[in-house]
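A short write-up of the structure that comes next.
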Amino acid sequence: MLEAFLAYLTGLRKASPHTIEAYRHDLKGLQAFCQAEYGFDPLGGVEAWRRLSRPMLWAWLGTFSRATTRARKVAAVRRFDAYVRQVLRQPGLTWRPNTPRLPRSLPRALPESPLLLTLQSLAEKPQDFPTLRDRLALELLYGCGLRRSEVTSLKVDQVHFSLRQLHILGKGSKWRVIPLYDELEALLKAYLTHRSQLGVSHPFLLCTDRGAPLYPKALYRLVRRHLGTHPHALRHSIATHLLARGASVQALKELLGHSSLATTQKYLAITPEALKEAYLRLHPRA
């Protein structure tokens with residue numbers, strides 16, 4: 001049942017490889033727990049699935065300390081149960097798994113000045129391949145607001161110099177266009193010149209020092225090394241910085257590739273300092 005469910009998500013729902021792997025990991029975890037604790041496989045068939053009870057699920061969830069982790073695993077259970085009901089046309093669970101209530105957390109933006117100083121210091125170093133690659137990765141995350149998965153999956157043919165655009169394939173297989181600003185365009189051209197000397201045969205834009213595609217963990221380590229944070233913090237940062245400079249929420253929605261305006265609106269809760277700065281700079285009566 002699990003593989004059929006994942007194939008359905010891949011084929012008809014166009015779920016991303018990251019989403020597929022997350023569902024696989026979570027449901028296999030539930031499967032292993034039920035086999036060890038209760039002696040049955042909830043993924044062994046529809047009847048076995050319906051044996052899963054709320055106390056069993058909560059016992060499994062109790063092995064995880066983080067609320068976000070528990071919420072993600074409940075989401076996987078709900079998605080699988082919806083597959084049983086709506087796709088297999090079979091009765092699902094007799095109870096509804098509810099996602100734990102999560103505290104509202106706001107994105108934590110990096111201070112603008114130190115971030116820009118880091119980018120500038122990299123630009124002043126000798127521009128060998130690793131330095132150009134690191135600069136480009138940081139520019140894509142911060143300057144373009146890309147997700148980590150969008151950066152590592154970005155291909156050379158998605159860069160259009162004639163149009164001065166990047167074509168980004170985001171969540172839900174949705175495309176969006178990011179304009180090429182002057183500094184990014186020059187950086188891309190310099191990087192691609194060095195990349196061509198590595199004899200790279202794959203289509204992905206970013207490479208390791210040996211020419212292999214840059215994988216997500218390598219990107220995480222790259223950001224950690226230069227800025228002491230994680231890739232998604234740069235996406236949060238550019239959204240907050242642009243909003244503080246007067247960008248509209250609708251413009252941010254398009255830049256970030258959000259499907260819902262509500263997702264973008266969380267960035268409205270910026271710091272009082274940023275709000276005061278934007279007010280004094282932009283308000284016609286200030």
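A few notes on this one:
- Exclusive hit being of a type in the set (A, V, I, L, M), out of contact with any Cys (no Cβ under 7 Å at 6 or more places or on another chain) and at pLDDT 95 or above, set 187, 166, 180, 214: 187
- Residue check for residue 135: touching a helix residue (DSSP H, G or I) at 6+ places or on another chain (Cβ under 7 Å) and either closer than 23 Å to residue 221 by Cα or not in a loop (DSSP other than H, G, I, E, B) (or both): yes
- Residue-level check: of (1) assigned to a loop (DSSP other than H, G, I, E, B); (2) in contact (Cβ under 8 Å) with a residue 12 or more places away in the chain; (3) hydroxyl-bearing (Ser, Thr, Tyr), residue 118 misses just (1).
- Verdict on residue 73 being closer than 29 Å to residue 145 by Cα and loosely packed, with under 14 Cβ neighbours inside 10 Å: no
- First in segment 251-273 and in the same structural domain as residue 150 (by TED's automatic domain parsing), second anywhere and at pLDDT 85 or above and loosely packed, with under 13 Cβ neighbours inside 10 Å, Cβ under 9 Å, 6 or more apart: none
- Among residues of segment 129-187, those that are polar (S, T, N, Q) and crowded, with 20+ Cβ neighbours inside 10 Å, counted: 2
- Between 110, 146, the distinction of being in a loop (DSSP other than H, G, I, E, B), under 28 Å from residue 8 (Cα atoms) and of a type in the set (A, V, I, L, M) belongs to 146 only.
- Close pairs (8 angstrom Cβ cut-off, 6 or more residues apart or separate chains): assigned by TED's automatic domain parsing to the domain that holds residue 30 and at pLDDT below 85 in segment 54-73, of a type in the set (D, E, K, R) and surrounded by fewer than 13 Cβ atoms within 10 Å (Cβ to Cβ) anywhere: 59/37
- Scan of segment 254-272 for residues that are at pLDDT below 85 and of a type outside the set (Gly, Ala, Ser), ordered by number: 261, 263, 264, 265, 266, 267, 268, 270, 271, 272
- A residue that is assigned to a helix (DSSP H, G or I), surrounded by 17 or more Cβ atoms within 10 Å (Cβ to Cβ), of a type in the set (S, T, N, Q) and free of Cβ contacts under 8 Å to residues at least 12 places away in the same chain can be found somewhere in segment 5-21.
The values are calculated or read from the model by the stated rules, or taken from the named source; none is laboratory data. Just so you know, these numbers come straight off a predicted model, no measurement behind them. We place every Cβ from the backbone using ideal geometry, glycine too, and count neighbours over all the protein chains shown.
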